[in-house]
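The values are calculated or read from the model by the stated rules, or taken from the named source; none is laboratory data. Note that the structure is predicted; figures quoted are calculated from it, not measured. Virtual Cβ from ideal backbone geometry, glycine too; neighbours counted across all protein chains shown. Calculation scope for accessible area: heavy atoms of the full protein, side chains included, ligands and nucleic acids excluded. Shrake-Rupley method; radii C 1.70, N 1.55, O 1.52, S 1.80 Å.
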Amino acid sequence: MKNSSAEMVAALVAARDQGLAPRQFLLVQAKERSTGLPFERGFWSGDEVITIAVPDRNTGVLVNKDFFGAMNLNISPIPRVSDLTIQTVTGDLSQIAMAVQQIARQYDLRLAKADIYEVTLDPSTRLPVSSPEIVFLGEVNGNPIDTPAVGDDGKISLELNSDAISMLTRTNPSKSSYEGQKRRGGDEMGLYSSTLSSWNVPWGQKRENS
């Protein structure tokens with residue numbers, strides 16, 4: 001069950017008469033190609049550049065971040081599932097925007113962390129009625145750049161996979177390989193696994209030496 005703030009509940013109650021202005025935010029943490037250092041860039045579905053406090057993905061503490069507007073940000077519906085299937089969300093951005101071009105072409109987006117937030121604005125003041133909420137924690141699985149025909153609009157689509165679920169379903173071959181076991185502590189039990197699997201020792205009895 002989702003716990004909403006008192007301010008958000010009040011805004012929902014008044015929505016019938018005053019309306020609501022929902023906005024979405026996308027925060028991407030890429031890497032500099034030369035140094036590997038992180039580089040953050042935020043986008044939102046508004047029109048200007050703003051600074052707003054959003055929850056940190058690791059601590060939940062509110063941290064001020066800059067978000068670029070006028071990027072034609074369009075985020076696909078976020079799946080709500082109760083199993084371990086990997087959820088995929090697509091974030092479309094304007095191809096001609098310089099802020100988008102920079103992070104897509106000059107920085108490494110492979111497996112970049114990408115978080116989606118939602119906030120509701122008061123229609124009369126255009127201010128947030130409460131702090132933005134994290135609605136999706138993911139990582140970039142691909143960023144195809146759609147080159148348009150003459151006169152058409154192009155876009156850059158960020159394909160995002162659910163971070164938590166992809167981590168749970170990711171395999172780690174080093175846990176089962178013999179070389180990996182040696183690096184972890186010199187355990188060479190795997191050498192005799194085929195022999196041990198053929199033993200049939202009744203409970204409570206000692207096996208005679210052959």
Would you rank L127, L158 by solvent-accessible area, highest first, keeping every protein chain in place and using a 1.4 Å probe?
L127, L158
At 1.4 Å probe size, what's the solvent-accessible area of S82? Round to the nearest 10 Å².
130
Each residue of the range 119-128 in order: what ³J(HN,Hα) in whole Hz does its phi give by Karplus 6.51 cos²θ - 1.76 cosθ + 1.60, θ = phi - 60°, with x for Gly and Pro?
8, 10, 9, 6, x, 7, 9, 6, 9, x
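Order the following by accessible area, largest value first: D47, D66. Probe radius 1.4 Å; ligands, DNA and RNA are ignored. Walk me through the numbers before you get to the answer.
Values: D47 125, D66 90 Å².
The ranking, largest first, comes out as D47, D66.
How about the range 22-91: which GluC sites (Glu not before Pro) there lie in a loop by DSSP and see at most 15 other Cβ atoms within 10 Å? Show your work: numbers first, answer last.
Details: sites: E32, E40, E48; in loops: E48.
Answer by residue number: E48.
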Area accessible to solvent at I96, 1.4 Å probe radius, in Å²
140
